[in-house]
Amino acid sequence: YNIFASIPGVKVVVPSNPYDAKGLLLAAIKDDNLVVYSEDKTLLSMKGDVPEGDYIVEIGKANVVQEGDDLTIVAIGKMVQTALDTAEKLSEDNISTEVIDLRSISPWDEEAVLESVKKTGRLIVIDESNPQCNIAGDVASVIGDIGFDYLDGPIKKVTAPDTPVPFAQNLEQAYIPSVEKVLDVADELIADLKKVKS
């Protein structure tokens, strides 16, 4: 989906749950611009509450899935669940994590991410794409520019490695960003907090 986000005038949405899948699809249909709708195949078997009538999930408006004070994790698509699972693990060390689902990567909600970083001072961006030319790099660049004064540490990205996607299922699972990989990165950012809160 990142390649489409680089085209001027094209909107790109990436739902993470059934509610957003329907709402973003209806928003894409009603939008006057070209909208690329990218849905991960794992979403097809996901269950969740979806209203019967029509409703719109606004394109370009992020969703704060979980509020927190110590660390912000921004994710897209199926990586939102990875972010939530990471936040749950971090809560065992009394680390309060805010999880933001971007929902769309072109445009993306700079204001929501900046407001969160103002509160937490720490940012991790998870994207299952390769490390170059992706939404993780865009978020890191923009927030590093407009939110530098609010940061207590470097912005960290967790992405897939710079290799083609492997075909073997076990290798594919190792390729995709995992909770363990995000925790390793988070530990670098919150080491000082863990000492204070333990």
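Within the range 36-50, is even one residue at pLDDT 95 or above, over 30 Å from LYS197 (Cα atoms) and out of contact with any helix residue (DSSP H, G or I) (no Cβ under 9 Å at 6 or more places or on another chain)?
For the range 36-50, residues at pLDDT 95 or above, over 30 Å from LYS197 (Cα atoms) and out of contact with any helix residue (DSSP H, G or I) (no Cβ under 9 Å at 6 or more places or on another chain): absent.
So the check is Cβ under 9 Å with 6+ separation or different chains; which pairs have a first residue in the range 159-180 that's over 18 Å from ASN134 (Cβ atoms) and a second one that's exposed (fewer than 10 other Cβ atoms within 10 Å of the Cβ) and not aromatic (Phe, Trp, Tyr)?
Going by the 9 Å Cβ cut-off, there are no qualifying pairs.
Please specify each residue of the range 66-82 satisfying the condition of being in a helix (DSSP H, G or I) and of a type in the set (A, V, I, L, M).
MET79, VAL80
Consider the range 151-198. How many of its residues are loosely packed, with under 10 Cβ neighbours inside 10 Å and not in a helix (DSSP H, G or I)?
Looking only at that region, the number is 6.
Mind counting the residues in the range 50-65 that are surrounded by fewer than 18 Cβ atoms within 10 Å (Cβ to Cβ) and part of a strand (DSSP E or B)?
1
If I ask for residues that are in contact with a strand residue (DSSP E or B) (Cβ under 6 Å, 6 or more places away or on another chain) and crowded, with 17+ Cβ neighbours inside 10 Å, which ones from the range 1-13 would you list?
Once the filter is applied, which keeps residues that are in contact with a strand residue (DSSP E or B) (Cβ under 6 Å, 6 or more places away or on another chain) and crowded, with 17+ Cβ neighbours inside 10 Å, the range 1-13 yields TYR1, ALA5, LYS11, VAL12, VAL13.
Residue-wise test of (1) at pLDDT 95 or above; (2) farther than 24 Å from GLY68 by Cβ.
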site	(1), (2)
GLY121	yes, no
GLU128	no, no
VAL142	yes, no
TYR150	yes, no
ILE155	yes, no
PRO164	no, yes
GLU188	no, no
VAL196	no, no
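What are the residue pairs meeting all of these: first residue in the range 14-25, first residue more than 17 Å from TYR1 (Cα to Cα) and surrounded by fewer than 22 Cβ atoms within 10 Å (Cβ to Cβ), second residue of a type in the set (D, E, K, R) and at pLDDT below 95, Cβ atoms under 9 Å, and 6 or more apart or on different chains?
Final answer for the pair search is PRO18/LYS47; PRO18/ASP49; TYR19/ASP49.
What are the residues in the range 90-119 that are of a type in the set (S, T, N, Q) and either surrounded by fewer than 21 Cβ atoms within 10 Å (Cβ to Cβ) or in contact with a Cys (Cβ under 7 Å, 6 or more places away or on another chain) (or both), if any?
Those that are of a type in the set (S, T, N, Q) and either surrounded by fewer than 21 Cβ atoms within 10 Å (Cβ to Cβ) or in contact with a Cys (Cβ under 7 Å, 6 or more places away or on another chain) (or both): SER91, ASN94, SER96.
The values are calculated or read from the model by the stated rules, or taken from the named source; none is laboratory data. Bear in mind that the values here come from a model prediction, so they are computed numbers and not experimental data. FYI the Cβ positions are ideal-geometry reconstructions off the backbone, even for glycines, and counts take in every protein chain you see.
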